[in-house]
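Down below is the structure, laid out as structure tokens.
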Amino acid sequence: MPNQASKADHRPIRTCVVCKAKREKAELLSFFLLEGGLVIDLAGKLQTRMNYVCSGGDCLGGLDKWKLRYKKKLKVTKAKPSGEPKK
Ligand SMILES: [Zn+2]
């Protein structure tokens, strides 16, 4: 029986948003999207919900497509459930 949950060797695994590959966090670039554009968290210190992309290869180039999809998703999530605008 394979011991998949070995706690002694626990490393955070994240998924690249472009190629969906699962990698160790250290192999990925973390970033998030602001209204104005994409911010890459080089220092890895930002306390926000991050997305991850492979730091090499074609994935960075694939981010443009991903951004478009993501923005569409954001619009959906941001839509207010009740139609009451607050001032
Ligand atoms: Zn990737």
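Beta-bridge orientation, segment 12-68: approximately 90 percent antiparallel, per DSSP, counting only bridges with both partners inside. For segment 12-68, the C-alpha radius of gyration divided by 2.2 N^0.38 Å, with N the number of residues, is 1.03. The charge dipole of segment 12-68, taken about its Cα centre with unit charges on the Cβ of Lys, Arg, Asp and Glu (plus for the first two, minus for the last two), comes to roughly 220 debye.
Every number here is computed from the coordinates shown, using simple stated rules; none is lab data. Predicted model only: the values in this text are computed from it and were never measured. Please note: Cβ atoms are built from the backbone with ideal geometry, for glycine as well, and neighbour counts cover all protein chains shown.
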